[in-house]
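Quick note: the coordinates plus some simple rules give every number you see, no bench work behind them. Being a predicted model, the structure only gives us computed values, none of them experimental.
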Amino acid sequence: MASVFQSGKFWRAQVRRRGYPSLSATFDTKREALQWAAQIEARLETQTPGQVYKKVEARELTLKAALERYKREILPSKAPHTARRERSLIEWWSCSLWQAVPLPNLDGPQVAQAIRAMEKENRSANTIRLMLAILSHLYTIARKEWGYVDLINPVELVRKPRLPEGRDRRFVGNEEERLLEACARKNPELTDFVIVALETAMRQGEVFTLTWDRISFIDHTIKLPPELTKTRKGRTVPLSERAEDALKRQRARPRKPGNRVWTYATQDGVRASFFKAVKVAGLEDFHFHDLRHEATSRFFERGLNAAVVQGITGHKTAQMLARYTHLSGKSLVEAVRGTDPANGVSPTRVPSTPPSTIHPQRFCTSCGAALAPEHRFCGGCGKPTSGHGQQD
């Protein structure tokens, strides 16, 4: 039952129904109060008490409280690296100007204001998009798992910062040899660690957590379980001969008891050693993750198609795969012209032949090998070419 009464300069509307929470609101005019009461009564006809209670709870659930619940219930199910990164993003939102705003009241203009605040802090476009992604996922979880089905995701109402072009840092000249030499002087194990990363396109964390039971020298593969990948999807990584040799060298070295491949105690230890080797090698602006870019680009240069490369690297989307692919200028020239740009000569390129001089292709009737018109003997079986006819 609805009731409308004046309170000072304002009009207050209240709707009560057995089994439902009491709902009320304040308006400037009696007409607005009556309209609101009529709308609420009509809405209660189509909603259960549980649905209405959820709406009331949502109105009282602040952004900070929702993020605390998100940290308790959702973060533990994510990969450790992802959980650590998202914890810092959640901390920013929890300490922001919008921490006390109830989830239903957070709107597009407020999120746009938050984006401008992040930009003033000189945060990169990629970081801002990650911070928006965590907020968006919070609303998705609240709607699907916590029962707040009427929430509107404010992140969908704003323009996201445009991402810059992906890093295109690749080895130049003899940089790869210089880096591996510097790694060898630092620690031979680091050299093989880098080789495995470079040959497989695995992430640093995936290489670091390798255990011997996931490596098959018979099948020449590495099995990565879902819990150890960034995308939470398991995959099988093929081993090149170079990567396999590096792992076999590591297996022959003295190592600590257990199943772990590498003796580095922490991933930070690997990162610090690699950084020092990069400095010794004299490489400018080179990060460990650039090895993944290099490896992915090399897969394409070897002629592997996008589906195969995506299966090896574990990129979630083709768009992300494209950001990691930077073909060298030399390979692009060879693909278009069929020539080596260093000398302009292609061993496979043949001059066009006038139609009048084209001879029908002949094949050896003994071994099936193709026969050149000027050859008197078959290159496959060595028999004389006389008597061999043309085959369709």
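Descriptive notes on the structure:
- Derived scalar couplings between HN and Hα for segment 72-87 equal 6, 9, 9, 4, x, 7, 9, 4, x, 5, 5, 4, 5, 5, 6, 4 Hz in order, rounded to whole Hz, by the Karplus curve 6.51 cos²θ - 1.76 cosθ + 1.60 (θ = phi - 60°), x for Gly and Pro.
- Computed log10 I(q)/I(0) for segment 199-252 at 0.24 Å⁻¹: -0.97, from the Debye equation with unit scatterers placed on every C-alpha and solvent omitted.
- Length-normalised contact order for segment 119-218 - Cα pairs under 8 Å, 6+ apart - percent: 17 percent
- Stokes-Einstein D for segment 210-290, Kirkwood Rh over Cα pairs, 37 °C, 0.692 mPa s (µm²/s): 223 µm²/s
- Pairwise centroid distance, computed over Cα atoms, of segment 278-306 with segment 174-205, Å: 11 Å
- Long-range Cα-Cα pairs in segment 34-185 (distance over 20 Å), rounded percent: 60 percent
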